[in-house]
């Protein structure tokens, strides 16, 4: 915040932190990511994990951290809360760790839809509890992050995932952003029937096309290509100006990346993006 002068901060934590708080055995392996000692793959596995009451999550440390951050940010800079979406959390749980295609998770939807619904419903309650704890402690908005939604067929997203993502956000007392990677084929469904106030768009879809798909009641977020952060400044500048121009087609536009910042990124590039946006928009 101090270095780049952006308009808001996000309370980023690992996507599986809520599961850790629920008592699920998970470790972060360097170079790999979250790994679960006991993957959830059978109906009995689902029964066991869903016996944990999401209301019992101890969010004391999370709330304390949010209060510390908001105190540092002051009254004029909002903090955005963060949580993983039910499908992405389920993908980690069912696969036992990171996966490229999430075959077991996608198979469970069709081979045992009852267990899938129970697991995804439980994860929705976990995410909602995690988000609400952040807003209660001072976060001004929340973002539900579905890293792996792009592996889904649009019909599977609508049938097996969207209702649970909606449940994760429903009732959270703050503006709500819904973001997924690779969700262009079903972007309009990311609105979750209007529960999401804003939809994040990855780098694959031009923002004017995204705005047309989402309609005039939804704010767009995105979508600078992270790969171009390592490009020469003139190339990156042209790209940022194009994103800003296309974003004007939406009701409102939150300029952001189309996914995360690569670790090797020169931070100066980020500062220059902020300066350029202020110059172009007059903000």
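Please enumerate the residues belonging to segment 189-225 that are in a helix (DSSP H, G or I) and more than 16 Å from the chain's Cα centre (by Cα). Even if it seems obvious, please write down each step before you answer.
Step one: filter segment 189-225 for residues in a helix (DSSP H, G or I), giving 189-194, 207-214.
Listed by number, the residues that qualify are 193, 194, 207, 208, 209, 210, 211, 212, 213, 214.
Taking the criterion of being in a helix (DSSP H, G or I) and more than 24 Å from residue 205 (Cβ to Cβ), the residues of segment 133-162 that qualify are 133, 134, 135, 136. Filtering segment 63-115 to residues that are buried (at least 21 other Cβ atoms within 10 Å of the Cβ) and closer than 15 Å to residue 129 by Cα leaves 66, 81, 82, 83, 84, 85, 86, 89.
If we only count helices (runs of 4 or more DSSP H) wholly inside segment 1-118, which ones have 3 or more residues that are modelled with pLDDT of 95 or more and closer than 17 Å to residue 140 by Cα? Give the steps one after another, and end with the answer.
Working: elements: 17-21, 43-50, 60-73, 86-95, 103-111.
Hits in segment 1-118: 60-73.
The values are calculated or read from the model by the stated rules, or taken from the named source; none is laboratory data. Quantities reported herein were computed from a predicted structural model and do not represent experimental measurements. Cβ sites come from the backbone with ideal geometry, for glycine too, and all protein chains shown count toward neighbours.
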